Amino acid sequence: MSRVRADEEEYWHSSKFRAFTFDDEDDELSQLKESKRAVNSLRDIVDDDDDDLERVSWSGEPVGSISWSIKETASDSTSSLDSRDSSLQKGSSSYAALPKQASSYSLSSLFKGRNKLSSFQSLSDALTDTGVKNYAPELRRPKAEYKDYSSDWSPKDTVRRMQRGKVCSLERFRSLQDKLVLLDEAVAGHDGNVITAVLIFLKRTLRREILFRELEVRQVALCHLIHFLRETGEQKFLLDLLRFLDRTEEVALSQYREHLNIQDVEKRREFLKGCIGLPFSAEDTSHIQDHYTLLERQIIIEANDRHLEMAGQSELFRKYPRKASILNMPLVTTLFYSCFYHYTEAEGMFSSPTNLKKTFKIPDKQYVLTALAARAKLRAWGDVDALLTTKNWLGYTKKKAPIGFHRVVEILQRNNAPVQVLQEYVRLVEDVETRLNLATKYKCHDVVIETYRDLKDRIQLTAYKCKVERGSAEEEKIHSILNNVVRN
């Protein structure tokens, strides 16, 4: 190795070319001879067995590439050789004396790894020799890649390879025992993708009864399969599995989910009616009954309101056209719709908000929150006041808000309520700090002034005087309070 390195250093640091002189009449011939000697001197440097190096052609492209092959083989080898000989003879008579068998090394053979040819060959000539091996670079792959997939991998090794993303064939696992061992190894590996892949293989190659029986004692794999079947929508297979496991409630729920795929509202109503008799739990049975009743109400409300809207008989529908159908909407959306368009209807009407509240047992807090949002959007402040006013058994009235008056203020402010309306409900906020924050945020000056007066906070009251307009009624009120405090 040291000898080769020394020869290489000597070659690259030495010069074999003489200086140019006018006496060199055959200078071109001399350069060719020197080139021949230079190529011959590389014989000891080039290693014949080194097939890992990338060989390149004069075009700078790897040997064996598509573009290199097209360029090199496009010209005929014989015509190129003849044209070169004719041009050499025209240029100088000295070329006629140059023998064709000049070297056992050609540039083509050098860059393609050949070093011993019987006769001189050009680049094009060497390409026509089918016995020559093209030394294109090849990526070395680990020996494990070449193992026989169908016979060499154990279940544990197969799972490990699948976890690394390697391609594995599961067809070699033919017996039930091997398939179950493979499944157990997949579960032990805690990789959901591998477990699912193995389950798909077992689902395809085992009878349902056998698969269900074995999964019954493998709960992790069973949960994966149930989730997979739900995601892929294989409803029949899922129902068969749940029935085998005697999970009657899950069977009923899976059947109930089918209503989502029914677009026709009448067919969906009939389907829900049939679901009421399925073996649900007591709580789920109540929900199914409510779902059916709600859809039935929505069909009636939708038909009546569409008729009123098309006939133009309702001023409310003309002023606020409906943006969407009420069909298949949730209960809260239906309540909001009813409070918006049918708030004053009698309780006996299906579209009445109080009828919906009673039928579906809507809590007071949810009802007040929804009705308040609907009436505030219409800026019906009288309805808002009536909604929040209660009367006790002695006949006295007072304001009451199950959702808290701070939320009432926020809802009213979002719907651009006047300051006078906001101040009325800000005053009803019990927490002093919350009341001051809301009053300051929404510029309810009277509430801020009255709160500082009740707290007897002269400093804060004086500082707040700078936040109101000069000469306004609020400033006069602050002066009056401060003067009264001084007199007292």
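Considering only segment 224-267, state which residues are over 32 Å from the mean Cα position of the chain (by Cα) and basic (Lys, Arg).
ARG243, ARG247, LYS267
Among LEU482, LEU428, LEU438, LEU455, which is the only one that is touching a residue at least 24 places away in the same chain (Cβ under 8 Å) and either among the β-branched types (Val, Ile, Thr) or over 23 Å from LEU372 (Cα atoms) (or both)?
Exactly one of LEU482, LEU428, LEU438, LEU455 is touching a residue at least 24 places away in the same chain (Cβ under 8 Å) and either among the β-branched types (Val, Ile, Thr) or over 23 Å from LEU372 (Cα atoms) (or both), namely LEU482.
For segment 264-279, state whether one or more residues are without any contact (Cβ under 8 Å) to a residue 12 or more places away in the chain and basic (Lys, Arg).
yes
Across segment 284-293, what is the number of residues that are without any contact (Cβ under 8 Å) to a residue 24 or more places away in the chain and open to solvent by less than 40 Å² (accessible area, probe 1.4 Å)?
Residues meeting the conditions: 1.
Is it true that VAL220 is within 24 Å of GLU302 (Cβ to Cβ), among the hydrophobic types (A, V, I, L, M, F, W, C) and surrounded by 13 or more Cβ atoms within 10 Å (Cβ to Cβ)?
no
Just need a number here: residues in segment 325-361 that are open to solvent by less than 20 Å² (accessible area, probe 1.4 Å) and in contact with a Pro (Cβ under 9 Å, 6 or more places away or on another chain).
Going through segment 325-361 one residue at a time, the tally reaches 4.
Given the residues ALA439, ALA473, which is the only one that is in the same structural domain as VAL408 (by the TED database) and of a type in the set (Gly, Ala, Ser)?
Residue meeting the stated conditions: ALA439.
Out of (1) open to solvent by 20 Å² or more (accessible area, probe 1.4 Å); (2) assigned to a helix (DSSP H, G or I); (3) within 21 Å of ARG269 (Cα to Cα), the odd one out for ASP305 is which?
Condition (1) is where ASP305 drops out.
Name the one entry in SER314, SER281, SER254 that is in contact with a helix residue (DSSP H, G or I) (Cβ under 9 Å, 6 or more places away or on another chain), within 30 Å of ARG375 (Cβ to Cβ) and either surrounded by 14 or more Cβ atoms within 10 Å (Cβ to Cβ) or of a type outside the set (Asp, Glu) (or both).
SER314
Of the residues in segment 194-217, how many are under 15 Å from VAL159 (Cβ atoms) and touching a residue at least 24 places away in the same chain (Cβ under 8 Å)?
8
Does GLU296 fit the bill of being open to solvent by 60 Å² or more (accessible area, probe 1.4 Å) and without any contact (Cβ under 8 Å) to a residue 60 or more places away in the chain?
Against the criterion (open to solvent by 60 Å² or more (accessible area, probe 1.4 Å) and without any contact (Cβ under 8 Å) to a residue 60 or more places away in the chain), GLU296 qualifies.
The values are calculated or read from the model by the stated rules, or taken from the named source; none is laboratory data. Model, not experiment: these values are computed from the prediction. A quick note on method: Cβ atoms are made from the backbone with ideal geometry, for glycine too, and the neighbour counts reach across all protein chains shown. Calculation scope for accessible area: heavy atoms of the full protein, side chains included, ligands and nucleic acids excluded. Shrake-Rupley method; radii C 1.70, N 1.55, O 1.52, S 1.80 Å.
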